[in-house]
Amino acid sequence: MVRITGIEESSPLLSLGVRAGDTLVAVNKNEIRDVLDYRFYITDRNITLSLVREDGEEYEVFLRKREYDDVGLEFETPLMDKKHTCKNKCIFCFVDQMPKGLRETLYFKDDDSRLSFLHGNYITLTNMTDEDIDRIIKMHISPINISVHTTNPELRVKMMKNKRSGEVLSYLGRLADAGISLCTQLVLCPGINDGEELMRSMHDLVALCPSLISCAAVPVGITKFRDGLYPLRTYTKEEARAVIETVNSFGDYCKKKYGSRIFTVADEFYLKAEMDIPSEEYYEDYPQLENGVGLIRSVKEDLRYYLADSEPFELKKDRRVLAVTGVAAYPTVCELSEMIKEKADRLCVDVLCVKNDFFGETVTVAGLLTATDIEKAVKEHIKNTGASYDALIIPDAALKADEDVFLDGVSLTSLSDRLGIHAVAAKNEPCDMVSAFLFG
């Protein structure tokens, strides 16, 4: 049962006497525990809601509606209860490598199947029971995003430090047999779950076809805050090339047999290997874009198509902007900037590569840049060049999803004030990117 915190003004339940503060117990006699139950059972055309008043009075209301229409109830949280915390102690966990003193939410480790359904989060299955799997199958919740890392049960226990992490691999087969689509990832650590273990994992996972939709090979992320943690390191150029060759060779096999590569490599591996990013054909329909697989190619192609359909941009006066990015994306941002400049004669763009002193130089992605490092780099750049700028372009990924705040707690406005330059966040969408460069 879950407490109702509000009711939309357009909801027919208002005229039926349902109030904020009441508790929803069941829909059509099915107990409501969380958002999955609610979303599944509320889809019926004819529904009977069992409720309880704040004073303990039980009552029911009947409602006839269109299939899949919501009924306008609001709850304390999107999940309708607390998030499920991660019970693993993975040797590569990025949260464990965070410095102290950041905002509290950055230290929360979630491992919640409901967030996989709602927001695409990856889960490890170790928080789940047979009943949870039965519920997913009954409701046909699909796709499910799963962090596999390895299909070797003993190695998975070693890597995740959870005795259940090996046995729950059996859930993969149950979900696949029930027709639940599976998107998976393997966070690879040098000398641990790559090489022969990587081949084993890919062979085991491909047996789940056709339910297996995709699998991304992603390199482990390492910060400088690893005192007392399992000894890990980043991939060398040669090792990154070996991973790419292994995954792509198996992907070629899958393409011939199943019509899809299924197994792909994150952009970061290509950058570490100093190899060209593959063509659009390699990424098919970009099933692992949110995992950094094909992001560079997607952004380049989207911007190219957008600019090809656009008339030249006429600026009323000369405009000079400074775009900052991380080490990994620097060549890409330089290329994107040149593409935009070709469409705007009076636009001048400088691109500044910012090293990550906050987390350590092994962290090269733009999404983990902090205001502290950006401020330091921009001030040094201006001191050395004497340049002045109309705007500072920041990668939107470096900011909190629902607020313009960096990981170190500094706001975008505060950064603007410190530098005396108007700072604007640019998303990876072409229209937003062009707007930021030209008018932001």
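The values are calculated or read from the model by the stated rules, or taken from the named source; none is laboratory data. Everything numeric in this text was worked out from a predicted model, so none of it was measured. Note: ideal-geometry Cβ built from the backbone for every residue, glycine included; neighbour counts use all protein chains shown. Each accessible area value is taken on the protein alone, full model and side chains, heavy atoms only, with ligands, DNA and RNA left out. Shrake-Rupley method; radii C 1.70, N 1.55, O 1.52, S 1.80 Å.
Things worth noting here:
- Among the residues of segment 242-252, those identified as open to solvent by 60 Å² or more (accessible area, probe 1.4 Å) and under 14 Å from residue 198 (Cβ atoms) are 245, 249.
- Residue satisfying condition, being among the hydroxyl-bearing types (Ser, Thr, Tyr) and open to solvent by 20 Å² or more (accessible area, probe 1.4 Å), within set 147, 165, 142: 142
- Breaking point among (1) open to solvent by less than 50 Å² (accessible area, probe 1.4 Å); (2) out of contact with any Gly (no Cβ under 9 Å at 6 or more places or on another chain); (3) closer than 27 Å to residue 136 by Cα; (4) not aromatic (Phe, Trp, Tyr), for residue 73: (2)
- Residue within segment 36-45 that is at pLDDT below 95 and over 33 Å from the mean Cα position of the chain (by Cα) present: yes
- Some residue of segment 8-18 being free of Cβ contacts under 8 Å to residues at least 24 places away in the same chain and either crowded, with 16+ Cβ neighbours inside 10 Å or within 16 Å of residue 66 (Cβ to Cβ) (or both): no
- Only one of 349, 293, 299, 333 that is more than 24 Å from residue 261 (Cβ to Cβ) and under 23 Å from the mean Cα position of the chain (by Cα): 333
- Listed by position, the helices (runs of 4 or more DSSP H) inside segment 112-220 whose residues that are farther than 29 Å from residue 362 by Cα, of a type in the set (A, V, I, L, M) and touching a residue at least 12 places away in the same chain (Cβ under 8 Å) number at least 1 are 113-119, 130-139, 170-177, 195-206.
- Any chance residue 233 is open to solvent by 70 Å² or more (accessible area, probe 1.4 Å), under 26 Å from residue 275 (Cβ atoms) and not in a helix (DSSP H, G or I): yes
- Residue check, residue 343 closer than 27 Å to residue 430 by Cβ, charged (D, E, K, R), open to solvent by 30 Å² or more (accessible area, probe 1.4 Å) and touching a helix residue (DSSP H, G or I) at 6+ places or on another chain (Cβ under 8 Å): yes
- The residue that is nearest to the chain's Cα centre (by Cα), among those in segment 46-92 that are β-branched (Val, Ile, Thr) and modelled with pLDDT of 85 or more, is 91.
- When segment 302-328 is filtered for residues that are among the aliphatic types (A, V, I, L, M) and open to solvent by less than 40 Å² (accessible area, probe 1.4 Å), the ones remaining, listed by number, are 303, 307, 315, 321, 322, 323, 324, 328.
- Of all residues in segment 255-282, those satisfying the criterion of being under 19 Å from residue 145 (Cβ atoms) and surrounded by 21 or more Cβ atoms within 10 Å (Cβ to Cβ) are 261, 262, 263, 264, 265, 266, 267, 268.
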